[in-house]
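Contents: one structure, followed by commentary.
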Amino acid sequence: MDIRPEDPANLPTRRRVRLLNRDDRLYHVILAQQFDRELIDHLCRISEMTRIIADARAGARFLNTILSHKRAMLYFIQPSTRTYLSFAAACQVLGMPYNDVRDPSTSSEVKGESEEDTVRALSQYFDIVIMRHPSEGFAEQMANMLNGMSRTIPILNGGSGKDQHPTQAMLDIYTLYRCFAESLADRVRQDPERNLFAGKTIAFVGDLARGRTVRSLAYLLTRYPDVRLLFVAPESLQIGEDIVEYLDRSEVDYALKFDLPEVVGECDAVYMTRLQDEHDQKGESGKIDLSRFSLTRELEPMLKKDLAILHPLPRRQELDTFYDTDPRAKYWNQMRNGMWMRSALLAYVFNVDGAILDHYYSYYNF
Ligand code: CP
């Protein structure tokens, strides 16, 4: 019988972050609270530079060498299309071979091996484990468990239960950056004073109680002074008290709202989310009326001309396909941005992000 390490969620956030970081850098990437403003800005710049470099054959060849000496494991035992494929593509961009486990019934877990021993086994063959798991604290517990082993490798959280999805939040921030920036120079400029989010109103809409992407993105947006956040959901699906307390402590301007048509005209970005009914106990959310929480075609005349429409996807009826070819639909861009942001994150974790920066300034500094 395996003993799972104590649940770190009971520790203060500052202590949890200290356990996940090394030498003032992120080592394991588990929580959105690990990212400060400087790091978010840095990773958005590295993402932008990577996509530019990858566009030329010589640049793609350069990128293809920088992690060719490492190996990644994609341990995804909860369904995924985008996160899995964009991490796989990011590994390919950086030349890092990868393997996967997507179905535990094909592993020795069917012979009674614990998930903990499975992760210990993975750590012997690979240099990083990128993990999606249905339990909230599992990735963090595995990170702390590996910290005590003779061979320690980073764990990246690709979605943990209802709790967090930090790499999705990073690609969402990068997408918003691209929407709010006026030029390429704006996107790659190293200027700690610039705040592209100042004065912007961003609404989260839908199942905010159980949407891990919203929770992680809300944490990241506290790093931007003068942003205004609206949480638009039926009472029973409103954002968690823990996030509200964090927003209060961070002195963020926010409001809880209960009707999308009432506020949609004020928004610079709307972040739509689907009903997360896989977390229902007894089909209870089937009874909730979501008609006031859907971006329908009838709302179009009320939208700002430069609104950014985001959705982590997959979607259901909350986002009308009417918007799919509208230039304000940024949910297609989010997916591709995810490949670049996840490339930047992998480069950062293995400390080769500086090589991308140097390459960019050698070839593209015009
Ligand atoms: N946004 C997201 O996590 O999508 P997948 O579940 O398809 O990975």
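The values are calculated or read from the model by the stated rules, or taken from the named source; none is laboratory data. All of these numbers come straight from a predicted model, not from anything done at the bench. Quick reminder, even Gly has a Cβ in these numbers, built from the backbone with ideal geometry, and neighbours come from all protein chains shown.
A198 meets all of the listed conditions (1) surrounded by fewer than 17 Cβ atoms within 10 Å (Cβ to Cβ); (2) without any contact (Cβ under 8 Å) to a residue 60 or more places away in the chain; (3) more than 18 Å from E38 (Cβ to Cβ); (4) not charged (D, E, K, R) but one, namely (3). For the stretch 125-170, the candidate set comprises residues that are among the charged types (D, E, K, R) and assigned to a loop (DSSP other than H, G, I, E, B); within that set, the residue that is nearest to L67 (Cα to Cα) is D127. Given the structure, is S123 among the small types (G, A, S), buried (at least 19 other Cβ atoms within 10 Å of the Cβ) and assigned by TED's automatic domain parsing to the domain that holds S343? For S123, the condition - among the small types (G, A, S), buried (at least 19 other Cβ atoms within 10 Å of the Cβ) and assigned by TED's automatic domain parsing to the domain that holds S343 - is met. All told, P104 falls short of being farther than 19 Å from L171 by Cβ, surrounded by fewer than 17 Cβ atoms within 10 Å (Cβ to Cβ) and within 16 Å of the ligand (Cβ to nearest atom). From the list F87, F62, the lone residue that is among the aromatic types (F, W, Y), out of contact with any Cys (no Cβ under 7 Å at 6 or more places or on another chain), within 26 Å of Q334 (Cα to Cα) and more than 16 Å from the ligand (Cβ to nearest atom) is F62. Exactly one residue out of I153, I130, I77 is within 21 Å of I30 (Cβ to Cβ), of a type in the set (V, I, T), within 16 Å of the ligand (Cβ to nearest atom) and surrounded by fewer than 24 Cβ atoms within 10 Å (Cβ to Cβ), and it is I77. Would you check if there is a residue in the stretch 9-22 being in contact with a Gly (Cβ under 7 Å, 6 or more places away or on another chain) and either at pLDDT below 95 or within 23 Å of P192 (Cβ to Cβ) (or both)? The answer is yes, given that some residue of the stretch 9-22 is in contact with a Gly (Cβ under 7 Å, 6 or more places away or on another chain) and either at pLDDT below 95 or within 23 Å of P192 (Cβ to Cβ) (or both). Could you say whether any residue in the stretch 184-193 is within 16 Å of the ligand (Cβ to nearest atom) and closer than 22 Å to R37 by Cβ? No, the stretch 184-193 contains no residue that is within 16 Å of the ligand (Cβ to nearest atom) and closer than 22 Å to R37 by Cβ.
When we screen Y363, Y323 for residues that are crowded, with 17+ Cβ neighbours inside 10 Å and either more than 13 Å from the ligand (Cβ to nearest atom) or under 26 Å from A90 (Cβ atoms) (or both), the only hit is Y323. Scanning the stretch 326-346 for residues that are charged (D, E, K, R) and buried (at least 16 other Cβ atoms within 10 Å of the Cβ) yields R328, K330, R342. Out of G161, G206, one residue alone is within 16 Å of the ligand (Cβ to nearest atom) and either modelled with pLDDT under 95 or not small (G, A, S) (or both). It is G161. Residues of the stretch 224-277 that are small (G, A, S) and out of contact with any strand residue (DSSP E or B) (no Cβ under 9 Å at 6 or more places or on another chain): S236, G240, S250, G265.
Scan the stretch 206-213 and tell me whether some residue there is farther than 15 Å from I243 by Cβ and among the hydrophobic types (A, V, I, L, M, F, W, C). Give the derivation first.
First, the residues of the stretch 206-213 that are farther than 15 Å from I243 by Cβ: none.
Checked against the condition, which is being farther than 15 Å from I243 by Cβ and among the hydrophobic types (A, V, I, L, M, F, W, C), the stretch 206-213 yields no hits at all.
The residues of the stretch 293-306 that are over 13 Å from Q317 (Cβ atoms) and surrounded by fewer than 16 Cβ atoms within 10 Å (Cβ to Cβ), listed by number, are E298, E300, P301, M302, K304, K305, D306.
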